[in-house]
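Novice: Sharing a structure here in structure tokens format.
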Amino acid sequence: MLEHPELFSLSIAHMDCDAFYASVEKRDNPDLRDKPVIIGGGKRGVVSTACYIARIKGVRSAMPMFQALKLCPEAIVVPPRMSAYVDASRAIRAMMDELTPSIEPLSLDEAFLDLRGTEKLHGSPPAVMLASLVKRMMDELGLTGSIGLSHNKFLAKVASDLDKPQGFSVIGKQETPAFLAGKPVRMIWGIGPAGQVSLEKVGIRTFTDLLRWNREDLCQRFGSMGDRLWHLARGEDYRRVSANAPIKSISKETTFFEDTANTDLLDGYIWRLAEKVADRAKARHLAGRVVTLKLKQANFSTLTRRVSLQDATQIADRIYRTARALFDQVGDKGPYRLIGVGISDLVAEEGADISGDLLDPEAEKRVEIERASDKIRKKFGTDAILKGRALR
Amino acid sequence: MKISIERAALLKAVSQAQSVVERRNTIPILANVLIEAEGDAVSFRATDLDIEVVDKTLAQVERAGATTVSAVMLHEIVRKLPDGALVSLTDDGASGRLAVEAGRSNFSLATLPKEDFPVMATSEYASNFSARAADLRRLFDKSKFAISTEETRYYLNGVYMHVADSDGGKVLRCVATDGHRLARIDSGLPDGAGDMPGVIVPRKTVGELRKLLDDDDMQIAVSVSETKIRFATPEITLTSKVIDGTFPDYTRVIPTGNTRKLEVDAADFAQAVDRVATVSSERSRAVKLSLDEDRLILSVNAPDSGAAEEELAVAYNDERLEIGFNAKYLLEIASQVDRENAVFMFNSSGDPTLMREGNDTSAIYVVMPMRV
């Protein structure tokens, strides 16, 4: 057990499973255990997760598969089995539920936990309970995770990433300023490449740079994000761990290896993204009334188009057709460097896709086909059956 | 320019103008109405670049001329003036202001040069004919509720007006649909309309047109080309671009083999639908119709909020049938029926249903069921 002066007084944690999808696959198929494993869809897809052996060779998430296989030709590519991951995620969630009611899942394999006030209940401080959580995950599920423990969400998330895999990192209040000094601002969750560029424009690369700005100037320059940056620079984050934070939207996007204006190629992306969004919506029993298409042009400016449907949908075919119509409306503005598809204004799936389209009598047939192929994909893997346009 | 005009005449002209003007536009001149005075008449012209309306009315013109002022502001002022007031509009051409005077009220409004005002290009019309206001009103009033608001299918954002073959020969037909319901309304073909090209009249134009159609016997001069449509009364001329797109082949959508017939008093039916739908909090409120020998049970089951059921005496003698619809769609089509009973023709619970008034096939509605 590690030592830290504030170890037993900190209670906001972030739990992040280690190479989650790959770990589930290795657990379920011991032959894979000592081999580099990449989870992802087909030769033309991208890496969804790489195990730590593959990571040694430089394979990273979101990397195009052909590039990953160039770096690590001996890797075994396994198509994702979402249902297995969902099952494992549920089991972990059940263990976390025993620790605290305040859990905020970020995805299948990571979550924030607020353990304030639980010491009396468990008879042990949060740090001890968290250590026993990862031990139980290992013993009962054969899966490992890393814990970050701190005094707010921002630092807890940063901490969980410090010592992966199987890490347990602590950032105390006392050491926070020293810890942040000189660290790059891209460490902040939500500051992507574009955010970095706009911060760099005004000379902000590190937290130390950020500290030199006063609050008003930051707000003026970056709006509400500016105020948040001012607090983060001081290691302050007042967001609460909110249990069951309702999902507001489901979206997927992809950045191209090379900018493209090829409509056929883009059409294939729209379909694959629509299918991923639909898979997510179906897994969560949700449907959306609004379909959004996002395009980033080569000059980094973003075009967003959205449309409200008369009734909500979780059907990939409808999401695809709607997004495609939006794409056609945008006109010839390529080449693009990124495309994204999403749904929002979410409702429970019971009220979704219940009325047909007079002008498109085939639509209902396509919905039935999709439901049938969903069953096949559930049984034999997500790539067991594909639309021709998925191969574009 | 200097004119005197009755408040009532001015209000009518200006209110038509201000409703065409787009509330949020980035081109300042488009917020203005162009006032042109000549002879013994003054015309008020407004446009959003897709629709142009010109209202010509009699006035006492002391000095001919033209200027433009904010349509919304002029409308607000005139609206607030007392009934029967005589309003004078004076523009000295130099100050860049229009003086509006009535009794003891004086206003001075900023103007923009008349030369900047975009006047819609005149065009050749392929077809010119005259139609009764009452006939046009029926064609558009009964179809407009089905116009789609979905922008991805822009060709559905209007009413498709065209010449069609009906049992009794050629008719003037209006069709609107959003993919969930469809309205098809026929009217006798006016003389000279036979070679009219089919056009999609945009939603906003349909709304503006309605203001020309209050007087049943008024003859409306209609001119149609491939790209524009014009409706004119002696005072008002409404010119609009039509939607540049192809209206889908709606004839495939209209069921011809539906044999299960339900006849019901439309008002009773609408009230019952409205009552049972109250318990559903969903936006797309599904109402289930359960049909059995001369009996209709309307029901809503919303697990979160409650359930409701109501029974109606109807004429139905076919097999039992259960079918669900969006309550709003049912209410809208039922409210189109005003003389006889509503007649529904069903096939199965998954197929489009047809509704008409009695045996009148000059107005038919199709509605897509929902899974319930």
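The values are calculated or read from the model by the stated rules, or taken from the named source; none is laboratory data. None of the values given here were measured: they were computed from a predicted structure. Quick reminder, even Gly has a Cβ in these numbers, built from the backbone with ideal geometry, and neighbours come from all protein chains shown. Side chains are part of the model used for accessible areas, which takes the heavy atoms of the whole protein and leaves out ligands, DNA and RNA. Shrake-Rupley method; radii C 1.70, N 1.55, O 1.52, S 1.80 Å.
Novice: Within region B:328-335, is even one residue within 13 Å of B:L296 (Cα to Cα), aromatic (F, W, Y) and open to solvent by less than 30 Å² (accessible area, probe 1.4 Å)?
Specialist: no
Novice: Being open to solvent by less than 40 Å² (accessible area, probe 1.4 Å) and not hydrophobic (A, V, I, L, M, F, W, C) is the filter; apply it to region A:48-90 and report the residue that is farthest from A:L141 (Cα to Cα).
Specialist: For region A:48-90, the residue satisfying everything is A:P64.
Novice: For residues that are of a type in the set (G, A, S) and closer than 22 Å to A:V86 by Cβ, scanning just region A:349-389, find the one that is farthest from the other protein chains (Cβ to nearest Cβ).
Specialist: Out of the qualifying residues, it is A:G381.
Novice: Residue by residue through region A:273-293, note down the ones that are open to solvent by 60 Å² or more (accessible area, probe 1.4 Å) and touching a strand residue (DSSP E or B) at 6+ places or on another chain (Cβ under 6 Å).
Specialist: The answer is A:K276, A:R280.
Novice: Next question, about the same structure. Being over 14 Å from B:D318 (Cβ atoms) and buried (at least 19 other Cβ atoms within 10 Å of the Cβ) is the filter; apply it to region B:350-361 and report the residue that is nearest to the other protein chains (Cβ to nearest Cβ).
Specialist: So, considering only residues that are over 14 Å from B:D318 (Cβ atoms) and buried (at least 19 other Cβ atoms within 10 Å of the Cβ), the one nearest to the other protein chains (Cβ to nearest Cβ) is B:P352.
Novice: Which residues, counting only those in region A:370-387, are without any contact (Cβ under 8 Å) to a residue 40 or more places away in the chain and open to solvent by 60 Å² or more (accessible area, probe 1.4 Å)?
Specialist: A:R371, A:K375, A:I376, A:K379, A:F380, A:I385, A:L386
Novice: Also, quick follow-up: Going by the structure shown, is A:K164 open to solvent by 20 Å² or more (accessible area, probe 1.4 Å), within 27 Å of A:A88 (Cβ to Cβ) and not in a helix (DSSP H, G or I)?
Specialist: The answer is yes for A:K164.
Novice: Of everything in region A:212-227 that's open to solvent by 70 Å² or more (accessible area, probe 1.4 Å) and within 15 Å of A:V185 (Cβ to Cβ), which residue is nearest to the chain's Cα centre (by Cα)?
Specialist: A:R221
Novice: Give me the pairs: first residue in region A:259-281 and of a type in the set (S, T, N, Q), second residue surrounded by 20 or more Cβ atoms within 10 Å (Cβ to Cβ), beta-carbon distance under 7 Å, and six or more apart or on different chains, which are they?
Specialist: Listed pairs, sorted by first residue: A:T260/A:L266; A:T260/A:Y336.
Novice: Six or more apart or on different chains, Cβ under 6 Å: which pairs go from a residue in region B:145-161 that's open to solvent by less than 30 Å² (accessible area, probe 1.4 Å) and in a helix (DSSP H, G or I) to one that's at pLDDT below 95 and among the polar types (S, T, N, Q)? Could you list them?
Specialist: Between residues of region B:145-161 that are open to solvent by less than 30 Å² (accessible area, probe 1.4 Å) and in a helix (DSSP H, G or I) and residues that are at pLDDT below 95 and among the polar types (S, T, N, Q), the close pairs are B:L156/B:S148.
Novice: Identify all residues within region B:301-349 that are farther than 14 Å from B:A266 by Cβ, in a strand (DSSP E or B), aromatic (F, W, Y) and away from every other protein chain (no Cβ under 14 Å); write none if there are none.
Specialist: Within region B:301-349, just B:F346 meets the criteria.
Novice: Hey, does region A:325-348 have a residue that's more than 14 Å from every other protein chain (Cβ to nearest Cβ), assigned to a strand (DSSP E or B), of a type outside the set (A, V, I, L, M, F, W, C) and in contact with an Asp or Glu (Cβ under 6 Å, 6 or more places away or on another chain)?
Specialist: Yes: one or more hits.
Novice: Please pick out the residue among A:R289, A:R321 that is of a type in the set (K, R) and in contact (Cβ under 8 Å) with a residue 24 or more places away in the chain.
Specialist: A:R289
Novice: So how many residues does region B:52-77 have that are of a type in the set (A, V, I, L, M) and surrounded by 22 or more Cβ atoms within 10 Å (Cβ to Cβ)?
Specialist: Residues in region B:52-77 being of a type in the set (A, V, I, L, M) and surrounded by 22 or more Cβ atoms within 10 Å (Cβ to Cβ): 6 in total.
Novice: Determine, yes or no, whether B:D165 is at the interface with chain A (Cβ under 8 Å from one of its Cβ atoms) and either under 23 Å from B:R132 (Cβ atoms) or without any contact (Cβ under 8 Å) to a residue 40 or more places away in the chain (or both).
Specialist: no
Novice: Another question, then. Please tell me if B:A183 is in contact (Cβ under 8 Å) with a residue 40 or more places away in the chain, within 14 Å of chain A (Cβ to nearest Cβ) and either open to solvent by less than 30 Å² (accessible area, probe 1.4 Å) or part of a loop (DSSP other than H, G, I, E, B) (or both).
Specialist: Criteria met by B:A183.
Novice: Same structure, new question: Do we have A:D161 as acidic (D, E) and at pLDDT below 90 here?
Specialist: Against the criterion (acidic (D, E) and at pLDDT below 90), A:D161 does not qualify.
Novice: Which one is nearest to the other protein chains (Cβ to nearest Cβ), of the residues in region B:286-300 that are open to solvent by 50 Å² or more (accessible area, probe 1.4 Å) and touching an Asp or Glu at 6+ places or on another chain (Cβ under 7 Å)?
Specialist: B:K288
Novice: With the requirement that a residue be away from chain A (no Cβ under 14 Å), touching a Ser or Thr at 6+ places or on another chain (Cβ under 7 Å) and either outside any loop (DSSP other than H, G, I, E, B) or at positive phi (or both), what does region B:239-266 give you?
Specialist: Within region B:239-266, B:S240, B:K241 qualify.
Novice: Then there's this: Considering only residues of region B:235-285 that are closer than 18 Å to B:A183 by Cα and among the β-branched types (V, I, T), which is most open to solvent (accessible area, probe 1.4 Å)?
Specialist: The extreme case among them is B:T256.
Novice: What's the number of the only condition in (1) away from chain A (no Cβ under 14 Å); (2) assigned to a helix (DSSP H, G or I); (3) of a type outside the set (K, R); (4) loosely packed, with under 15 Cβ neighbours inside 10 Å that B:D214 fails to meet?
Specialist: Unmet for B:D214, out of (1) away from chain A (no Cβ under 14 Å); (2) assigned to a helix (DSSP H, G or I); (3) of a type outside the set (K, R); (4) loosely packed, with under 15 Cβ neighbours inside 10 Å: (2).
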